[in-house]
Amino acid sequence: MSKQTLSFQAEVKQILHLVTHSLYSNKEIFLRELVSNASDACDKLRFEAINQPELYEDAPNLEVRLSFDTENKTLTICDNGIGMSAEEAVANLGTIAKSGTREFMSKLEGDQKKDAQLIGQFGVGFYSGFIVADRITVETRRAGAKPEDGVRWSSEGTGDFEVETITRPERGTSIILHLREGEEEFLSGWKLKSIVSKYSDHVSLPILMQKEEWDAEQSKQVTRDEWAPVNKAAALWTRSKSDITEEQYQEFYKQISYDTTNPLAYTHNRVEGRSEYTQLLYIPAKAPFDLWNRDKRGGVKLYVKRVFIMDDAEALMPVYLRFVKGVIDSADLPLNVSRELLQESRDVKAIREGSTKRVLSMLEALADSEDDADKAKYAAFWRDFGQLLKEGVGEDHANAERLAKLLRFSTTHADEGVSFADYVSRIKEGQEAIYYITADSLAAAKGSPQLEIYRQKGIEVLLFTDRVDEWMLSHLSEFDGHTLQSVAKGSVDLGKLQDEEEKKQAEQVAETFKPVLDRLKEVLKDRAKDVRVTTRLVDSPACLVVEEGDLSGHLARLLKQSGQDAPASTPILEVNAKHPLVSSLASSERFDDLAHILFDQAVLAEGGHLEDPAAYVRRVNAMLIG
Ligand code: ADP
Ligand code: MG
């Protein structure tokens, strides 16, 4: 193939522009990106060579070589990994083939700091070379291809790139950066070593550099033709815990997660037994922006006997723990394990169960700690990831009880951080159920008329306002022998919390009020399943409840928002016979209007929408005028 000039895909141009302009303040990351690509290329070779050992040719030791040329101002990152064919070079370096990168484009907001992090998360890494280079030349040959089938790819990182065929005896890829004016600092062995040790120390592949020596005659540093590793290269997780410092654990986390903050907690264990494996798992301190995407890739990398097998091995973690980052290195799985095989393997199942338990233990250690710093960490964790644990209650039945203990709530007694155990410890004499209410917002929950009697009696009620709550509640019916009971469902049964006197009074009121109730039922027959007197209310005239097992108005609204058509169950209207609006009903000349107003107000009070708001306004105005 003779020299061809091709144009970058439009999106690539945008990325190039963004990368070179917004990442300048953190320019040294280009080296981390290129070394990580070299390391990926070696992993790929190792993987393909499992079935095709001849791909190693005569160079079985995989490595990366860093070198620089002060005269020509070039910096070269050379690996003997898988390499690229001409088609691959064009596709991988000139177009956005990967969905990750496409998603990256859709997430761009022009906020530079955020964008810089995004670049790491989506791996548009190669282009970061253009931060410091005004031309990048890539020379590569795919493992197994003939020397004459090498490729040279070259670009200034603006509109287009060139490709041509070259002869390249050695397999793998050299990335040659022609440094921009002013970027000479990277032409220093010392500088490069310090960047490697900062970002790439644990890359499980030797990164080699030539030794340097002071030459007194020329009075300058000269390089010798002797290569030596500049990184530790030992996969961190294979070392013994006692040999690893806190800083090393944190640095490793930052390398694998592209997160810039330290993790909240980690766990590192060698597990023996049915299945033998090492796990190094981290809980991040902050939620990534795409946490709510349940299809998002998981954060756990799978290795088999130190050989990298795959990223995002979902089979290793339940979906609700998708925020966990780390490495699992198995001693038993076959090297050529596929995703399909992973789903079915009993060894993988054992790893998944073991790892899930470890993560829960980590969280329990923080949640149950007496230490204030740990407590604060758990509170921070809960703020960012709490909803995922709620997902877990429904998803992971085996651990539902442990998960329930980790849940934290807002209640009528405290705005946040209440656990079931806290609630139970404050439970009233004679109280059996754990009471809760669901609503669209905390304000709506707190203002619910259904809470009035509970507030009057000082009974604590859990306030649920997350979208996932209704779903969680359908999987969680009790805690520690106490049934979870909605205060907006069924009739009020405060059991022993109400004394005999109160009960008798309530029955009497219901009796004398019967004629009014019958009229209300007649007027509202299309809107309410039933109308009854309640002891639930103290200050409000009326509220809506649904029957036990019926769809609440709140859940029906949630389903509707998510595009599902779920008609709300016809509610029951409950009235407070002591309220002046209600007690004056019997003698009112506008009985029908008042009945509808009571109903509409009950809908509004629980955050619902009126079907005919104009009719409501008309009726209220008529009353106001008198
Ligand atoms: P990512 O590493 O996330 O895939 P990059 O922009 O860093 O994204 O790299 C783009 C693609 O270019 C890689 O997926 C790979 O196919 C190819 N590539 C980059 N560097 C090398 C290399 N040293 N050897 C082989 N292929 C490479
Ligand atoms: Mg990359």
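The values are calculated or read from the model by the stated rules, or taken from the named source; none is laboratory data. Here the structure is a predicted model, which means the values were calculated and not measured. Glycine gets a Cβ as well: all are built from the backbone with ideal geometry, and neighbour counts include every protein chain shown.
Here is a yes/no grid of residues against (1) in contact with a Lys or Arg (Cβ under 6 Å, 6 or more places away or on another chain); (2) part of a helix (DSSP H, G or I); (3) under 19 Å from Met84 (Cβ atoms); (4) of a type in the set (Phe, Trp, Tyr):
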residue	(1), (2), (3), (4)
Val12	no, yes, yes, no
His17	no, yes, no, no
Thr20	no, yes, no, no
Leu34	no, yes, yes, no
Ala38	no, yes, yes, no
Cys42	no, yes, yes, no
Leu45	no, yes, yes, no
Ile50	no, no, no, no
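Against the test of being among the hydrophobic types (A, V, I, L, M, F, W, C), farther than 18 Å from Pro580 by Cβ and assigned to a helix (DSSP H, G or I), the options Ala506, Ala528 yield a single qualifying residue, Ala506. Of the residues examined, Ala97 is not one that is in a helix (DSSP H, G or I), at pLDDT below 95, within 10 Å of ligand 1 (Cβ to nearest atom) and not hydroxyl-bearing (Ser, Thr, Tyr). The set of residues in the range 230-262 that are part of a loop (DSSP other than H, G, I, E, B), farther than 21 Å from Lys191 by Cα, over 21 Å from the mean Cα position of the chain (by Cα) and of a type in the set (Val, Ile, Thr) comprises Ile244, Thr245.
Here is the figure for the range 394-416: residues that are assigned to a helix (DSSP H, G or I), more than 13 Å from Thr356 (Cα to Cα) and of a type in the set (A, V, I, L, M, F, W, C) total 2. Taking the range 554-569 as the range and being touching an Asp or Glu at 6+ places or on another chain (Cβ under 6 Å) and within 14 Å of Gly607 (Cα to Cα) as the test, only Leu555 passes.
When restricted to residues that are part of a helix (DSSP H, G or I) and of a type in the set (A, V, I, L, M, F, W, C), the range 483-503 contains 1.
Annotation note: Cβ proximity below 7 Å between a residue of the range 26-41 that is over 21 Å from Glu139 (Cβ atoms) and touching a residue at least 60 places away in the same chain (Cβ under 8 Å) and a residue that is within 10 Å of ligand 1 (Cβ to nearest atom) and in a helix (DSSP H, G or I) (sequence gap 6+ or interchain) occurs for Ile29/Ser128.
Residues that are out of contact with any strand residue (DSSP E or B) (no Cβ under 7 Å at 6 or more places or on another chain) and crowded, with 21+ Cβ neighbours inside 10 Å within the range 571-595 comprise Leu585, Ala595, listed in sequence order. One residue stands out in the range 121-164 among those that are assigned to a helix (DSSP H, G or I) and aromatic (Phe, Trp, Tyr): the one that is nearest to Leu187 (Cα to Cα), namely Phe130. Checking Lys525, Lys503, Lys489 one by one, the residue that is among the charged types (D, E, K, R), more than 30 Å from the chain's Cα centre (by Cα) and buried (at least 16 other Cβ atoms within 10 Å of the Cβ) is Lys489 and no other. Within the range 456-472, can one find any residue that is free of Cβ contacts under 8 Å to residues at least 12 places away in the same chain and of a type outside the set (A, V, I, L, M, F, W, C)? No, every residue in the range 456-472 fails to be free of Cβ contacts under 8 Å to residues at least 12 places away in the same chain and of a type outside the set (A, V, I, L, M, F, W, C). For the range 565-577, the count of residues that are modelled with pLDDT of 95 or more, of a type in the set (Asp, Glu) and touching a Lys or Arg at 6+ places or on another chain (Cβ under 9 Å) is zero.
Do the conditions hold for Leu31, that is, is it at pLDDT 95 or above and either within 16 Å of ligand 2 (Cβ to nearest atom) or not charged (D, E, K, R) (or both)? When the stated conditions are applied, Leu31 does not pass them. A single entry from Glu395, Glu391, Glu401 fulfils the requirement of being without any contact (Cβ under 8 Å) to a residue 12 or more places away in the chain and either in contact with a strand residue (DSSP E or B) (Cβ under 7 Å, 6 or more places away or on another chain) or of a type outside the set (A, V, I, L, M) (or both): Glu401.
Screening the candidates Pro147, Pro229, Pro169 for the property of being exposed (fewer than 15 other Cβ atoms within 10 Å of the Cβ) and in contact with a helix residue (DSSP H, G or I) (Cβ under 8 Å, 6 or more places away or on another chain) yields one hit, Pro169. Restricted to the range 66-94, and to residues that are farther than 17 Å from Leu45 by Cα and in a helix (DSSP H, G or I), which residue is nearest to ligand 2 (Cβ to nearest atom)? Of everything passing the filter in the range 66-94, Leu93 is nearest to ligand 2 (Cβ to nearest atom).
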